[in-house]
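We did not get these values from a lab; they are worked out from the coordinates using the rules stated. These figures come from a predicted structure and were not determined experimentally. Cβ: placed from backbone, ideal geometry, glycine included. Neighbour counts: every protein chain shown.
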Amino acid sequence: MLVYVTLHRHADSAPGQLYALVLPLHGEWLEVSVQPSKVDAAGYGVFPAPRGLLNWSTLDMPVLLPYLGLETVVQDAHSLKVLLRILRGEFECTTVGELKATTGLTYMADGLYVLPTSSLSPKQRLRAQLLGAETQVLQVADGRMGSGGDQQRVSGGGRSLACYVLRSEAQAVLNLDRGRGHLFELLLAHSRGEHTDRHLATHVAHVWRKEEGYVLVNAHPAFAEAVSLTGIVNEPAEREAASMKMLVGYARMLDDDDPLLLRRGLKQPAGAASAWLEAMLPPAGGGPEKTSERMVLYCTTRTHYVSSCELTVDYGIGYSRNYHSGKHRGRGRQLAVPEERIGEHERRTARWPHLPGWFNPHAQPLCRPAFEKTDGELRLCADLPEVVAARRAAFGTPPRLRAEIDAEAARGKRSSEEGSGGVQGLLPFQTTKSKKQRSLLFAK
């Protein structure tokens, strides 16, 4: 469905150029289609569709595709980085009891984070929740994060930084609870060296909204959300130019008597208002009538497209690639894994948003599946032994797993009296002061 809009840098800024915003109506996109990609051999891409209200061969105004998906809102850039690392599976899972055994401290939950009680102010302690020993916690460590209010510095003079996050809270804010627990189990498997090339941070955009804070928009096909189609727009092949560009702003749906429409003899198509109400949300706290929240959009850069030409966009210079695209040189894959092969029939007959792939329990790859159903219950498959062995040979055994292996070996050689206190593989810490962070933007 087409909706005629203007795009605004600020919600209350003056009208500008006229755009044709493409939206789904009742979950169906008519102006674009999803087909096997021509630049991503194992995946899918977005193509102009010969149906619908757009004549892609002669565009008389720029066309916008909105980046929509499941949203997570946080108040600082550090928390945004932490959540992105969790989506990549870059964490260890432990318990409050294991932390206490290592540090001798008690812990409380302050929102998303788990902090030593001693580090909290009296006011923070009033709102914080004391945690039991069995409470599961995610340890997220990265020395490049910079200083953040909820980061913890590793003791002993090291530079690595770590923070601790409530597992239940992380799953909830990242939409990985309520029927999506199998996806989180796959991320947990990264700490065992399994499925490390598969994660949920490959189709995300994040944007700063003054009305809310830092917003992460996840359009991963694992969530099978019909509105998230723009998230699978790929980058162009090496030495090829992208056919779209990335914009950020507020979209405003125009009334039929708006001068920009009257000048061209246009009216909003039948169904435009319904599509807008179904897919778009106003700015938090309200704003000008028929104005969307601030979002990422992909905009056409040409006036002529053919249905066989995949729509592509440049993710930007800051995006970390393991492939070459356009003028960008990728760093290459760190570890070779078997190609994800999908049955030809499943590949050709797939319909958005239910695409085959490791992320879809009902349409798994022919080899190296991620999920299986056992006794009617969805379970994570063990990764191929040769893939796990190759990863450990290249990068070493994950610290937590190494600790478990060492502990098991020690139990066979020493009596229980000789065992040491505490749990290996955890990072002890002390609190650090916070710094202001600036906003970020990147996609996929």
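Of note:
- Semi-axis lengths (Å, descending) of the ellipsoid that matches the C-alpha gyration tensor of the stretch 14-66: 23, 13, 12
- FRET efficiency estimate (nearest 0.05) - Cβ-Cβ, residue 28 to residue 301, R0 25 angstrom: 0.45
- Using θ = phi - 60° in the Karplus curve 6.51 cos²θ - 1.76 cosθ + 1.60, the 3J(HN,Hα) couplings for the stretch 95-104 round to 10, 4, x, 5, 4, 4, 5, 7, 10, x Hz; x is entered for Gly and Pro.
- The length gained on full extension between residue 278 and residue 101, counted as 0.36 nm times the residue separation minus their Cα-Cα distance, comes to 58.7 nm.
- Pair residue 210, residue 38: separation of 7 Å Cα→Cβ label points (nm): 4.2
- Other residues lying with their Cβ under 13 Å from the Cβ of residue 11 contribute a combined charge of +1, Lys and Arg counting +1, Asp and Glu -1.
- In this label model, residue 245 and residue 341 are separated by 4.3 nm, measuring between points 7 Å along each Cα→Cβ vector.
- Per-residue ³J(HN,Hα) for the stretch 180-189, Karplus 6.51 cos²θ - 1.76 cosθ + 1.60, θ = phi - 60°, Hz, x for Gly and Pro: 10, x, 5, 5, 5, 4, 5, 5, 4, 5
- The trypsin sites (Lys or Arg not before Pro) of the stretch 155-235 meeting both criteria, a DSSP state outside H, G, I, E and B (loop) and at most 10 other C-beta atoms within 10 angstrom of the site's C-beta, are 159, 178.
- For residue 243, residues with placed amide H under 5 Å, excluding near neighbours: 312, 313
- Net lengthening on full extension, residue 382/residue 264 (0.36 nm per residue, minus Cα-Cα): 36.5 nm
- Extension gain, residue 12 to residue 118: 0.36 nm times the residue separation minus the Cα-Cα distance gives 33.6 nm.
- For the stretch 36-129, the spread of Cα coordinates along the three principal axes comes to 68, 32, 17 Å, biggest extent given first.
- Alpha carbon centroid spacing (whole Å) that separates the stretch 30-72 from the stretch 185-241: 17
- At R0 = 35 Å, FRET efficiency that the Cβ-Cβ distance of residue 136 and residue 238 yields, to 0.05: 0.20
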